[in-house]
Amino acid sequence: MDTDQELVILALCCHYCAYAAADMAGSMRLQYPGSVRVLRFPCTSKIEVNYLLTAFERGIDGILVAGCLEGGCHFLEGNLRARRRVERAKKLLDEIGLGAGRLEMFNLSSAEGPRFAEIATEMHERVVELGPSPLRRGREAVLAGVAGMASLAEAVIAGEKT
Amino acid sequence: MQASAAAARAMSLLAPARGTCIRTKVYPPQRDVTDEPPRIGVFICHCGSNIASVVDVEEVVRRTAVLPNVVLAEHNIYTCADDTQDTIKDKIGQYRLNRVIVASCTPRTHEAIFRDTLRDAGLNPYLLEMANIRDQCSWVHSAAPDSATRKAADLVRMAVGRAARLVPLTEDTVTVKGAALIIGGGVAGMTAALAMADQGFPVHLVEKSEALGGAARDLFRTLDGLDVQAFLAETIDRVIGHPRITVHLHSHVTQVEGHVGDFTSVITTGAKTRQVEHGVVVVATGAVEGKPTTFGYGQSPRVITQRDLSGQLARGELDLPKGATVAMLQCVEQRTADRPYCSRVCCTMAVQNALAVRERHPDARVVVLYRDMRTYGFREIAYKKARQAGVLFVRFDDDAPPGFSLGADGAIELTVRDAIVQRDLLMRPSVLVLAAPIVGQHDRQEVSDLLRIPINADGFFLEAHVKLRPVDFASEGLFLCGTAHAPKFLSETISQASAVAARAASILSRQTMPIGAQIARVDPDKCVSCMTCVHVCPYLAPIVGDDNKAQVQPTVCMGCGSCTSECPAKAITLHHYTDAQILGAIDRLLNAGPGPVGPGEGAYLEQVGVARPRWTEG
Amino acid sequence: MSEEQTKTIMVDNLDPGFRDEVAAVPGGENIKKCFACGTCAAGCPVTNIDEEYNCRRIIRQVLLGLRDEVLKSPLIWLCAMCYRCTARCPQSVNFTDVMRALRFLAVKEGAAPPDLLADNDEIDRLTQLVRRDLIKGSTDGRKTVMEELKARIRQA
Amino acid sequence: MIVADRKKIPEIRDMIQGHDRVLLVGCGTCVTVCLAGGEREVGIIGAALRMSLKLVGRGHVVVDQCTIERQCEDAFIDILAQRVSQYDAICSLGCGAGVQTLAERFPQKPVYPGLNTQFIGILESQGVWTEKCLGCGHCRLGEFAGVCPITRCAKRLLNGPCGGSREGKCEVNADTECAWQRIYDRAKALGTLDRLDAIAAPHDWSTGIEGGPRKVVREDQCIAGLGPKS
């Protein structure tokens, strides 16, 4: 989050399918927008409603949850439970007026590298359309902090740190 | 599947040499880091030019070095190189690091390597965190290096947020009971039994009927002309004579308790029961030929199934008048809305029987009425042979099934609309042979309830993954083979059963088995006994214990986290994916979290007992 | 389709020897390999202008043993002998040569009178002449030739 | 168990209008079990509420959250007392009893309900709860083969079904089982159909809520000198 204009999208990926597909998109050198940050979960069923809401509360612009194909979950039906939870979170986002569009669940297999690049692009474009999250309040302060840290970093690296 | 089967065959040859070439690696004792504040070392990899040609690695180091709890950040050309790993071990000692982050490639390939590095340095392997700045950054943003550098720094920052809250985990072990329990004494069960017994493992083979052999007792020749009965007799002899196989005839498995590596089961034979201990269970309960209820089956002795016909041919019982017509009807009561699946073997069986009829009765007219001929693979050759031998194949459409009538004199009249000439064909066959479906065993639900294994919509047992784990059940230590899984040929059953033996040996050949540390644990103080976890776990890992509180059976838990995401009291934690660790990553990414983490503070506001108010501040 | 071609086929009355007879004529050897995929008919230029002519159906009629129907049918004389079906057949049935075999049997058994054969030869020769003239003519005055042809077709 | 479900976030947000520091209090008993007001729900509703406030320009409002063992017991509420002084208002994710116990314990604090308390019922299947008891104060389940027609029959009929029972379903709501069908099936299975021949007397509603809030006094349990807790 370097500039206030830069969007940040979290991709919450299950280890067995979506994360593997993201890796494959890498080995195929498929390009997708740099806004997407992947966070790995053992299964999408570990993704709690609260994680989604907390990320939005902290100012994330969009979240994509990516799990195995329906019927193909490594943990049998984790992705189905995750979908229910994502739907619940979407309902809450609509209720509070942030809008359900900033959150989406996708299903793909570990062999679908191109599909990962596609959904990352799709989500990015959707969030571009929606604009930055209105909850990004206070980000300026954060940026100031980061800038401060960078100059501190120079000093630290030049000197010594234990 | 075939590869595993081949492995099983090889392993039975190598059985005496098992374990003789293994060298056990010795690790230093693990340092206790509980009372230390997190001291994170971050090693950022160039991956040659894979990362460094896009990402400004030094910039990432600068941004990382200033993050809370980070005491060392440096970059290396190849972090996975042996000398760099030695450097990491040195730095762990020199800087008293107690958390290590490697920012490089994917943990899917390299996590195990770096975990081993930590173990070598006396750190618990679960204190490693990785940031994937190659596969998910430099490779996919090569056209936007600035953005890639910022993203790489973010990914490392997330890793720092998570790493600060990582805790050491210990993997428990269970002692493996080196025997197998096989349910079903057909070809699948016997093949698996022999393959395992030949590898040196004791086997309990449980058969519900009074004899071994299963459905193969009604099979006589394979398409290649091999004698099934001779093979069966030889197999049964070998099974009965094998010193390591105990055959339980007329028996049922009535109770199975325990988990992978350590099961205790009860085999009931008549009024007697016997308790056996074993490390794996193989379900080889087979399937049966579904008896048709249409086309006069059971009303006329001249309406038979393909299996009946092959028996009559084998015993020389097929008696046909001169110039007789033999009609074969495919897809009877299958590939319909009620039973949508294909029984896989009937087309080949029809072709095989048609050829045999033509051979014995050259004057007989053989007409095969079909929807699609599915003589897949090399079986196509037999189909071609049958066409050339003058067997008449008539295709009909699904929506125009043949008309059938049975006269008072027992005469069969069959009409079918030929889909190509678009005309009705009328025949009065001497014999009508039906391709009956293969259906699951009637007692499959009992087996399913006993072992808690899933049955698919077609009535067969469901494997864990059709490609990745084709002979395993989703629950560890349970395997399946043969027609209990789906209709299949004898040869396919044999290779699947051999594959099971190889997979099972990967468990049985161990003295002990580690139980993954990434499992769910219940805090009984917080548990309100609502049963939600029991309802949501697909593996039935949570049970309600003697104290009326939920507990997750560690050996059954697969570590998916389903229960932890639903527990309304937040009483369940998934080790290595705690709220603190996940929210730590998210907070650090969005620069919203608290400052440095202190000693023993990994808990992150979440673990406060139930009777006390549980404060969380927004 | 004639009435005969829609009525029920009595399997007991079929001639199972017919296909062997066709197979015994040079060119007809592979007829029994046919598994009725229809690739032949899908590319046939004759089927393209007259759906009543269908290679797959003719082979089925032979395999079923509808001897008289096949040999007496005018359809077996429609084949343009272009060998497209032969090139495409996945089972090497070689339908064009099968057709030649059928014509041979039809003549041999008197199902087709000898003068029909001579007439067909003459029709083929005339068709080729017309085709040649049209193509040659179209190279220097395409429009006029095509227009004249279309006008004539309209007249016919 | 008491079954409840959550109010919509905007409704809660509007209720706490005018307060700058709000404490969201969950309850670890019935509403945790029915997935409406336990620690997890408190976290979810808290996060949603804070975001909702920010989005309407009230981002300065502090919403903290905690969950106690039982809101209907003073001893557990006592643990809150010290912290409560730091807040302007409380929003309870307990049942109606919890909300009122908090209100009585903290006379100076506005207390708002975050849940709609529904009924006494059970978990039918994961995610589905059904009402089983009306709390009429005069249980007659013994007369009806263990199925309560007062609660489960839409028409509260005591002498057999109405004419609208269709294939075991209620005519008022086809998703509901006909209570009388269940009574009949169970009595038949138990061999006690003859008991249903007896005419059931009209229900005595004097023990019900219509007479105002009820009280149970157990002299044998009352501690001498202190008298029943009012």
For this session: List the residues of the range A:83-117 whose accessible area drops by at least 30 Å² when all protein chains are present, compared with their chain alone, using a 1.4 Å probe and counting only protein heavy atoms.
Result: A:ARG85, A:ARG88, A:LEU92, A:GLU95, A:ILE96
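Accessible area of chain B with a 1.4 Å probe: how many percent of it is carbon plus sulfur?
With neighbouring chains kept in place, the figure for chain B is 51 percent.
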Seminar exercise, completed: Taking alpha-carbon centroids only, the range B:251-316 lies from the range B:2-74 a number of Å equal to 48 Å
For this session: Give the percent of DSSP beta bridges with both residues in the range D:2-119 that are antiparallel, rounded to the nearest 5.
Result: 20 percent
For this session: Take the solvent-accessible surface of the protein heavy atoms, probe 1.4 Å, and return the percent of it on the range D:155-230 that carbon and sulfur atoms account for.
Result: 52 percent
Exercise. Under 5 Å between amide H atoms, partner at least 5 residues away or on a different chain: which partners does B:ARG335 have, H built in plane at 1.01 Å?
Worked result: B:TYR341
Problem set entry | Gaussian network model of chain D, springs between alpha carbon atoms under 10 Å - residue of D:ARG40, D:ARG218, D:ARG105 with greatest fluctuation | D:ARG218
For this session: Report the accessible area of B:THR254, computed with a 1.4 Å probe over the heavy atoms of all protein chains in place, in Å² rounded to the nearest 10.
Result: 70 Å²
Problem set entry | Separation of the C:LEU134 and B:GLN299 label points, Cα + 7 Å toward Cβ, nm | 5.9 nm
Exercise. Leaving out same-chain residues fewer than 8 places away, which aspartates and glutamates sit with a Cα under 12 Å from that of B:LYS208?
Worked result: B:ASP443
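Leaving out ligands and nucleic acids, and using a 1.4 Å probe, what accessible area per residue does the protein assembly as shown come to in Å²?
With all protein chains present, the protein assembly as shown gives 45 Å² per residue.
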Problem set entry | Interface size A-B, as summed buried accessible area [1.4 Å probe, Å², nearest 100] | 5000 Å²
For this session: Report relative contact order for the range B:40-163 in percent, whole number only (criteria: Cα-Cα under 8 Å, sequence separation at least 6).
Result: 33 percent
For this session: Please give, to one decimal in nm, the separation of the simple spin-label points placed at C:GLN155 and B:ASP363, each 7 Å out from Cα toward the Cβ.
Result: 6.4 nm
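Calculate, for B:GLN229 and B:GLN422, the FRET efficiency according to 1/(1 + (r/R0)^6) with r their C-beta to C-beta distance and R0 45 Å; round to the nearest 0.05.
0.50
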Problem set entry | Cβ-Cβ FRET estimate between D:ARG156 and B:SER529, R0 fixed at 45 Å, reported to 0.05 | 0.85
Exercise. Looking only at other chains, what is the average number of their beta-carbon atoms within 10 angstrom of each beta-carbon in B:67-78?
Worked result: 1
For this session: Please figure out what share of the DSSP beta bridges in the protein assembly as shown is antiparallel and state it in percent, rounded to the nearest 5.
Result: 40 percent
Problem set entry | Separation between Cα centres of the range A:61-121 and the range B:359-409, rounded to whole Å | 49 Å
Exercise. In the range C:42-80, which residues have a backbone nitrogen under 15 Å from the label point lying 7 Å from C:ASN13's Cα in the Cα-to-Cβ direction?
Worked result: C:65-70
Exercise. Tell me, what is the percent relative contact order of the range B:516-575, built from C-alpha pairs under 8 Å that lie six or more residues apart?
Worked result: 48 percent
Problem set entry | Label zone at B:THR264, where the point sits 7 Å out along the Cα-to-Cβ direction: the range B:199-217 residues whose backbone N lies under 11 Å | none
For this session: Evaluate peptide B:146-159: per residue, the Cβ atoms of other protein chains within 10 Å of its Cβ; return the mean as an integer.
Result: 3
Seminar exercise, completed: Cys residues of chain C with no disulfide-compatible partner (no other Cys Cβ under 4.7 Å) are C:CYS34, C:CYS37, C:CYS44, C:CYS79, C:CYS82, C:CYS89
For this session: Indicate the gyration tensor shape class of the range D:1-131 (rounded, prolate or oblate), computed on the Cα atoms with a ≥ b ≥ c the square roots of the eigenvalues: a/c under 1.5 is rounded; otherwise a/b larger than b/c is prolate and the rest oblate.
Result: oblate
Seminar exercise, completed: Sorted on mean Cβ neighbours within 10 Å (highest first), peptides C:16-28, A:74-86 come out as A:74-86, C:16-28
For this session: May I ask you to list the lysines whose Cα is less than 23 Å away from that of D:LYS188, ignoring any residue fewer than eight positions away on the same chain?
Result: D:LYS132, D:LYS155, D:LYS169
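Could you report the buried accessible area between D and A, both sides summed, computed with a 1.4 Å probe and given in Å² to the nearest 100?
So the buried area, both faces added, is about 1500 Å².
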For this session: For a quick protection proxy, order the peptides B:216-225, A:17-26, C:57-66, B:575-584 by their average other-Cβ count within 10 Å, most packed first.
Result: A:17-26, C:57-66, B:575-584, B:216-225
Seminar exercise, completed: Descending packing, highest mean Cβ count within 10 Å first, for B:517-523, A:45-51 is A:45-51, B:517-523
Exercise. Residue-wise, which Karplus ³J(HN,Hα) couplings in Hz belong to the range C:62-77, taking 6.51 cos²θ - 1.76 cosθ + 1.60, θ = phi - 60°, and x for glycine or proline?
Worked result: 5, 5, 5, x, 7, 3, 5, 4, 6, 5, 8, 6, x, 4, 5, 8
Problem set entry | Solvent-accessible area buried by C and B, counting both chains, probe 1.4 angstrom, square angstrom | 2200 Å²
Seminar exercise, completed: Whole-Å distance linking the alpha carbon centroid of the range B:147-168 with that of the range B:109-146 is 11 Å
Problem set entry | Mean residue ellipticity (222 nm) of the protein assembly as shown, computed from DSSP H runs ≥ 4 via -39,500 (n - 2.57), nearest 500 | -11000 deg cm²/dmol
For this session: Just grab the label-to-label distance for D:VAL216 and A:LYS91, each label 7 Å out from Cα along the Cβ direction, in nm (one decimal).
Result: 3.3 nm
Exercise. Which percent of the accessible area of the range C:48-87 is formed by carbon and sulfur heavy atoms (probe 1.4 angstrom)?
Worked result: 47 percent
Exercise. On average, how many beta carbons from a partner chain sit within 10 Å of the beta carbon of a residue in D:121-128?
Worked result: 2
For this session: Would you work out the relative contact order for the range D:2-119, in percent, from Cα pairs under 8 angstrom that are 6 or more residues apart?
Result: 36 percent
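The values are calculated or read from the model by the stated rules, or taken from the named source; none is laboratory data. Every value quoted in this text rests on a predicted model; they were computed, and no experiment measured them. Note that we place each Cβ from the backbone using ideal geometry, even for glycine, and neighbour counts take in every protein chain shown. Quick note on the areas: whole protein, heavy atoms, side chains included, nothing else; ligands and nucleic acids left out. Shrake-Rupley method; radii C 1.70, N 1.55, O 1.52, S 1.80 Å.
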